[in-house]
Amino acid sequence: MTTAVAPSTALTAADRCDRCGAQAYLRVELQTGGELLFCAHHAREHGDALKQVAVTVQDETHKLGQD
């Protein structure tokens, strides 16, 4: 899995996890095209599988630590 250097658009509160509907903090661009959005929990849970299919990853989980 590689990290996107310059994401096209920042994730917002309107971006939702494709697994549970929580706010998304990770956008994964797939090798086959398309993208998936994940909350931090599901990004960690599916991290190994994502590494195999990701072209780029936009990781904004650092926002969770802000007050």
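A short reminder: the numbers here are calculations on the coordinates, not readings from a lab. In this text the structure is predicted, and so the values were computed from the model without any measurement. Cβ sites come from the backbone with ideal geometry, for glycine too, and all protein chains shown count toward neighbours.
Put a dot 7 Å past the Cα of His62, heading toward its Cβ, do the same for Arg16, and the two dots end up 2.8 nm apart. With Cα atoms as the point set, the radius of gyration and Dmax of the chain evaluate to 11.1, 37 Å.
Cysteines in the chain that lack a partner Cβ within the 4.7 Å cut-off: Cys20.
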